[in-house]
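Step one of this worksheet: look at the structure below.
The values are calculated or read from the model by the stated rules, or taken from the named source; none is laboratory data. Just so we're clear, the structure is a prediction, and the values are computed from it rather than from any experiment. As a convention, Cβ positions derive from the backbone with ideal geometry for all residues, glycine included, and neighbour counts pool all protein chains shown.
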Amino acid sequence: MQQYNHLFVVKINEVNMENLENRKMFIRGVGRLWFIIKRLAKNKLAENNYDLTMEQVMVLNILEKFDGMSIKQLSEITERDSSTTSRMVNGLEKINYVLRVPDQNDSRQKKIYITNKSKEKLKEITEMGMEIQKVLMGDIDQKQFEDTTELLHSIANRLEADCK
């Protein structure tokens, strides 16, 4: 019986190690894909003379949907500290992509608003993003795309629940 238990444990460990290796490969693949997407986007932004980082584009996209946020709110959504977010907003303000307006209820606070100039640029950048998506999708068929999207959202939802 002892010998059988030992063999059973070895088999389970082999399966777990294989499964662990597959999981590592999956995580590496997702990470690699993210870095490639960021590099593609960075190169496209540079090619088209957009003096913006991916993080700034992300902030502009957030503000386009939720205009009038505070630095604190923006920091929470972007998961950056307030000083980093403030520096990013300062850069966007210098190129007239955002405005800081005193809060009507608390003059110490400033609300951040997207400008028409940046709305126009975001339309162009969104079109550029669609081009990147076409390159990324390549010859992936609709079913593969939907299955992968569903899997990634499922993992993200589970992880997000664990992070709360």
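What to note about this one:
- Unique residue being modelled with pLDDT under 90 and either among the aromatic types (F, W, Y) or over 14 Å from the mean Cα position of the chain (by Cα) (or both) when the list is I37, I27: I27
- In region 51-61, residue surrounded by the most Cβ atoms within 10 Å (Cβ to Cβ) [restricted to those that are in contact (Cβ under 8 Å) with a residue 40 or more places away in the chain and closer than 13 Å to G129 by Cα]: V57
- Considering region 41-108, the qualifying helices (runs of 4 or more DSSP H), each wholly inside and each with 3 or more residues that are within 19 Å of K119 (Cβ to Cβ) and charged (D, E, K, R), run over 54-65.
- Contact annotation: residue pairs with Cβ atoms under 6 Å, 6 or more positions apart or on different chains, pairing a residue in region 97-119 that is assigned by TED's automatic domain parsing to the domain that holds L52 and of a type in the set (V, I, T) with a partner that is part of a loop (DSSP other than H, G, I, E, B) and buried (at least 16 other Cβ atoms within 10 Å of the Cβ), are T115/Y97.
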